[in-house]
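Student: Encoded as structure tokens, here's the structure I'll be asking about.
The values are calculated or read from the model by the stated rules, or taken from the named source; none is laboratory data. Since the model is a prediction, treat every value here as computed from it, not as a measurement. With ideal geometry, Cβ positions are generated from the backbone for all residues, glycine too; neighbour counts draw on all protein chains shown.
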């Protein structure tokens, strides 16, 4: 990608995967977005390791690599790589743009931030919807209990009373 051919937010969103409960960009995708080789990106991360704490970037395990390859067709080339890729969080991706200091990296970092923010917003609305559905389920559950007790009371009223009394009147 060139500086003029910047990817839209949706393109970046499709590159974001979830690992270890965090949304991340794999080094291969981030390097492509920033217009550099993956090797160069990883070199800059190593040279500036103080700028990349564990909550900014982490190395993917073999299992996570297999998961990412299985879920993302565009990352199938990683299957043959002997190296485990790096995973960049939103903050790590921004820091990578700063250490690369290229025109395309600076421009692409805006799209990356927008993509992460948009996904966070979608996730937050999803959580709110889930919470409301749980509340509704609890209310319906309470109504079910109330309805069952009303139906049971009606059934008791409909059944003939059980009596052990003697019939009234003269018996023969």
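Student: For the stretch 12-37: of the residues being out of contact with any helix residue (DSSP H, G or I) (no Cβ under 7 Å at 6 or more places or on another chain) and in a helix (DSSP H, G or I), which is farthest from residue 86 (Cα to Cα)? Steps first, please.
Tutor: Of the stretch 12-37, the ones out of contact with any helix residue (DSSP H, G or I) (no Cβ under 7 Å at 6 or more places or on another chain) are 14, 18, 20-22, 24, 32.
Adding the requirement that they be in a helix (DSSP H, G or I) leaves 14, 32.
Details: 14: 17, 32: 14 Å.
Filtering first and then ranking leaves 14.
Student: Taking the criterion of being over 20 Å from residue 116 (Cα atoms), modelled with pLDDT of 90 or more and assigned to a loop (DSSP other than H, G, I, E, B), would at least one residue in the stretch 38-45 satisfy it?
Tutor: Checked against the condition, which is being over 20 Å from residue 116 (Cα atoms), modelled with pLDDT of 90 or more and assigned to a loop (DSSP other than H, G, I, E, B), the stretch 38-45 yields no hits at all.
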